[in-house]
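The values are calculated or read from the model by the stated rules, or taken from the named source; none is laboratory data. As the structure is a computational prediction, the values presented were derived from the model and not from experiment. Glycine also receives a Cβ, built like all others from the backbone with ideal geometry; neighbour counts cover every protein chain displayed. Just the protein is used for accessible areas: all its heavy atoms, side chains included, with ligands, DNA and RNA removed. Shrake-Rupley method; radii C 1.70, N 1.55, O 1.52, S 1.80 Å.
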Amino acid sequence: KTGDEILVPAAVYGGMVGLVKHVLDRSGIGHRTVDTTDTDAVVAAIGERTRLVWLETISNPTTAMADIAAIADAAHERGAVVAVDNTFASPYLAQPLALGADLVIHSATKYIGGHSDLIAGAVLGSAERIAAIRDIVINAGGNASPFDAFLCIRGLKTLALRMERHSSN
């Protein structure tokens, strides 16, 4: 809400930069950037107004990585939620919820879909958090079409093979 703050990695997907600068900041939700590869810097940056710590398992485009478990512990001690964009790693390579994240976000457009023929995303978390997000999605109109959902399911069938090949390359 207005007056709250989000911590964002210094190395973060450009779409997130646009969201915080052009939408959240204008709505009175501030942001600060921090080098999330430096756990001590992240812990020091979590302030009284910090409600959300945004991380990426593997950052886009720099491939920087954060210690999700340590940052989640520190954020939770201070009452902040941790959301992790797991797009680059996919659920095949990383499961941030098991590391203490509260929410995990996937751009299904990329590796989950795998064929560059859909626009979709997924958010994972507790039933309570997903119910709150669902209310926003319904009112904002950001839900996937049935055909895009079908394309995501089709892509999941080859996710393991594709991620193994990505990783070995």
Subject >> CD proxy at 222 nm, helix term only [per DSSP H run n ≥ 4: -39500 (n - 2.57); per residue of the chain; nearest 500] >> reply: -10500 deg cm²/dmol
**OP:** Would you mind checking the tilt of helix 127-140 against the longest principal axis of the Cα atoms of the chain, expressed as 0 to 90 degrees and rounded to 10?
**Re:** 80
**OP:** Rank-order 18-29, 35-46 by packing density, defined as the average count of other C-beta atoms within 10 Å over each peptide's residues, highest first.
**Re:** 35-46, 18-29
Original post:
How much area per residue is accessible in the chain when the probe is 1.4 Å and only protein heavy atoms are counted (Å²)?
Top reply: 56
Subject >> Accessible area of the chain belonging to carbon and sulfur atoms, whole % at 1.4 Å probe >> reply: 58
Original post:
Looking at the square roots a ≥ b ≥ c of the eigenvalues of the Cα gyration tensor of segment 18-169, which shape do they give, rounded for a/c under 1.5, prolate if a/b is larger than b/c, or oblate?
Top reply: oblate
Original post:
Against the longest alpha carbon principal axis of the chain, how many degrees, from 0 to 90 and to the nearest 10, is the axis of helix 146-156 turned?
Top reply: 80
**OP:** Indicate the gyration tensor shape class of segment 1-91 (rounded, prolate or oblate), computed on the Cα atoms with a ≥ b ≥ c the square roots of the eigenvalues: a/c under 1.5 is rounded; otherwise a/b larger than b/c is prolate and the rest oblate.
**Re:** oblate
Original post:
Expressed as a rounded percentage, what relative contact order does the chain have, with Cα pairs under 8 Å and six or more residues apart?
Top reply: 16
Original post:
Per q in 0.15, 0.23 1/Å, what log10 I(q)/I(0) does a Debye calculation on the alpha-carbon atoms of segment 56-139 return?
Top reply: -0.58, -1.16
**OP:** Could you state the angle between the C-alpha long axis of helix 68-77 and the longest principal axis of the C-alpha atoms of the chain, as a value from 0 to 90 degrees rounded to the nearest 10?
**Re:** 40
Subject >> For Met65, solvent-accessible area (1.4 Å; no DNA, RNA or ligand), Å² >> reply: 120
**OP:** Please get the size of the charge dipole for segment 21-169, origin at its Cα centre, with Cβ charges of +1 on Lys and Arg and -1 on Asp and Glu, quoted in debye to the nearest 20.
**Re:** 500
